[in-house]
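Below: one structure, written as structure tokens.
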Amino acid sequence: MNIAITDGLVLTPPPFSAGLNLWSREDGIAGSGSYAGQPNAAYVPADQDFGGCMELQKTSNTQKVRSYLQTPIIPGLYLRVTARVKAISGALPSVRIAGWAGASNNTNVIGVPQTGPSVALTAYGEVKTVSAIISTSNRSGVNMAWGRTPIYGHFGLDLTGSNGGVVRIDDIEIEDITSAFLRDLMPWVDVRDFGAVGDGVTNDAPAFDAADTFARNNAVSVLVSRGTYFLNTNVTFSAKVRFEGTVVMPPQFRLSCTRDYNMDTYEAAFGDEQEGFRRGFQVLFYFTDHAVFDLGGRRIILTSPLDVAAVSGLDTLVQRRVLANGMIEAGTSTAWNDSTATSVGTYTPNSNAFRLTGVANVANILVGSRVTGTGVGREVYVLSKDVAAGTIMLSMPLWGAAGTRTYTFTRYKYLLDFSSFAKLGRFEIKDMEFQCNGLSSAVMLPPAGIGFIISDCTFNKPKDRGITSIGEGCQGLHVDQCQFLSNEQPLPVQNRTSIALNVNSNDAKIRNNRIVRFAHFAIMGGSGNLFIGNHFFQGDDQTAGVRRAGIVFTSTNVKTLIIGNYIDNCYIEWGNEHDPAPEFSSEYSFGGLTVTGNIFTSNDTAVSFNFFVIKPYGPGHFINGFTMNDNVFRTINTNIDRVESVDTTHSTLDFTRFRNVMIEANAYNGVNQITQSPVTIQHDQNTAADTWVVDTEGYLPFGARARNVSGIVKENAVRTAANVIDYSMPYAETERGTGARSIHLRWPQALRGRAQVTIRCDNPN
């Protein structure tokens, strides 16, 4: 590199033969005095050593010689000023290269070195060479490191020491020796070449920007050499960059490495994997040319929860961003401990079913806390709070908490906590392991947003929760091909408290996941869900052990498909615990659920265990639209009585209003009483009677009533007591007998024989 050649810059001052009027006896700035006509200076045209040269008698304590030429000072440029001098007579002075550093406003830049090393003249006629290197850089070998403020210099030399001596000075040369520092054969430049100091105090951001600009324009990379570089503003590297030194910067500023956007780069840049992860993750939310932060398979140990919104500096983003390919692990720290507060509050569901008022000590209650207390359903969280008003907004209504009572607010701690966003949509987490080590929970979703995707991830040993939603940021949630491995696997089912995930909003797609031994797999508060291809098992090693729900639906009209799952030692629970008025009024009741093609299995369970349970939290509800077909039910070691039931802890169902209930084509193994509706009963009437009582014999689901007869077929001849064939047809009377679970076939006379009777527990339309 030689910028005088490549860019045509004039670096070297004019020769003395061009006239001493071109040389200043002061600083070289415009208006300063020249050597033209001075009695102590003359041009010598034919010196035996120099040819043409300047002869000068020293008359001042510091005799200055400066060129009027403004030599440019450019970041990354290294200049060497050289002069050859010999003493002719009189006192022997010392000589040094010197310059005047000019700023953009044409003032002298005080504080930068403006003289080079001094060389003493020790004999007459002996030629001495003096030189100095000037640059914006403070690298070794630079005599005058000027930094980025000076933009030009007036260069020459100083004579110091005793006055009266006479010297001759050869033409002064200034040359570009940048190649000696940058080494053109190396495809990189050092930030120090552009004025970076690396002392951890000086703001090196301008030097980083200059190095990046040069590297980008010259198709090379940037080296951040050893040192600690303070950056007091955002810095972007458009060129490739490599860190040997480290950077420090205030948390609101970003280091964007656009060509090396990966975990290795950011760990090297900040000298710490946790801080490197935070800084790299921060930049993800601002890139336009990168949508993925790839951890490169790295493990990141966090010793405190990561508040993603605080790290990013944003509260809203609806552009696709992806965190991928690594592990985040909880390191031992008290920062993972739950924060718990207890407070009195008033719930008035008719006013606002999502609000608690009159809450004491609201300031002590953290957003994202789980709310527990009498009349509170599962997975209810603090969505927001108003300290001045003493109110709290809830993620879900409370089913039985009207009035004033005491609540407990427990804030779990998460490896990735998105709860501080106002809205975050289209965020994706792929190929990640969350190694919670029983210390932390894994992911808390944002309070609002749509299309959050979590795929091909492992949630290992979460202390409390795998994925938590505290609002509607779960709208359109995708959880695909993930593993959830409980921290409570050795515990009996009844002692477990951890939950893999919860959803408050609609349209969740939960597919092809494997979930091992949590208290519950999923608490679902919305509708429009798909559960496809999951295997969730929650058993233990207890004989006749307790089993709990795998999937819990907390609203009545769920509009959900459960297809092709392996439901192992747990059950599906369908209730309305998030209904502020849980009794049936004019809303949709239980309906919109299809359970098809699943494998249900259990072992060592009590005979009272059921695979499907409806749990109404108030009276008057019924089923309107439920299909359970083509499933396989199998028990091992112990039979169970039946596969379905109604949990009447709070209320039961209105069996007179069942509509569109289809339970058929299922396989039952180890189940004492199979369930069907419609069910075809073979009734054998051995004694002639005009009324045949046909008992559904427990086939109808949930203890339902025999509400409809959809078919009667006489099998073989129906005969009178005298053995005469009768060709008449009966009519049916429904909802007869105990529990209204029988029907009566009424004949015109007493008859005996066999009939195939198809009975339903509902009205089909």
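Of note:
- From phi via Karplus (6.51, -1.76, 1.60), per-residue ³J(HN,Hα) for region 86-102 in Hz, x at Gly/Pro: 9, 7, 10, 6, x, 4, 8, x, 10, 10, 8, 6, 9, x, 10, 8, x
- 3J(HN,Hα) along region 437-449: 6, x, 9, 9, 8, 9, 10, 9, 6, x, x, 8, x Hz, from the Karplus curve 6.51 cos²θ - 1.76 cosθ + 1.60 with θ = phi - 60°, whole Hz, x for Gly and Pro.
- Estimated 222 nm signal from helices in the chain, with DSSP H stretches of n ≥ 4 weighted -39500 (n - 2.57), rounded to 500: -1500 deg cm²/dmol
- Sequence-distant residues sharing a close amide H with Asn513 (under 5 Å, placed H): Gln481, Cys482, Asn534, His535
- Amide H contacts of Gln685: Gly753, Arg754, Ala755, each under 5 Å away and 5 or more positions distant or on a separate chain (H built 1.01 Å from N in the peptide plane; Pro and chain starts excluded).
- Share antiparallel - DSSP beta bridges, the chain, percent rounded to 5: 45 percent
- Remark: region 146-163, residue by residue, has Karplus-estimated 3J(HN,Hα) of 9, x, 9, 6, x, 10, 7, x, 9, 10, x, 9, 10, 9, 10, x, 5, 8 Hz, where x stands for each Gly or Pro and the curve is 6.51 cos²θ - 1.76 cosθ + 1.60 at θ = phi - 60°.
- Protection proxy ranking of 227-234, 639-646, by the mean of other Cβ atoms within 10 Å over each peptide's residues and highest first, is 639-646, 227-234.
- Cross-link reach is defined here as a Cα-Cα straight distance under 16 Å, omitting same-chain residues fewer than 8 places apart; for Lys58 the lysines meeting it are Lys86.
- Cα centroid separation, region 716-730 to region 387-406 (Å): 68 Å
- Amide H partners (placed H, <5 Å) of Asp47, local residues excluded: Gly52, Cys53
- Straight-distance candidates among the aspartates and glutamates for linking to Lys64, with alpha-carbon spacing under 12 Å and chain neighbours fewer than 8 residues away dropped: Glu26, Asp27, Asp158.
- Efficiency of FRET between Thr332 and Asp272 - r from beta-carbon atoms, R0 25 angstrom, step 0.05: 0.90
- For Ala581 and Gln494, the difference between the fully extended length at 0.36 nm per residue and the C-alpha to C-alpha distance is 28.4 nm.
- Computed Kirkwood radius, in angstrom, where 1/r is averaged over Cα pairs of region 3-180: 16.3 Å
- Values of log10 I(q)/I(0), in the order q = 0.23 Å⁻¹, for region 365-437 under a Debye, Cα-only, solvent-free model: -1.14
- Mean Cβ count within 10 Å, highest first, over the residues of peptides 128-138, 467-477: 467-477, 128-138
- Listed cross-link partners Lys385/Lys463; Lys463/Lys559; Lys430/Lys463 are compared with a 29 Å cut-off, the Cα-Cα value being larger for Lys463/Lys559.
- With only Cα atoms counted, region 242-366 has Rg and Dmax values of 19.3, 64 Å.
Taken together, the values in this text are just the output of simple stated rules run on the coordinates, not laboratory data. Note that the structure is a prediction, hence the values are computed from the model and not measured. Neighbour counts are summed over all protein chains in view; Cβ atoms, including those assigned to glycine, are modelled from backbone coordinates with ideal geometry.
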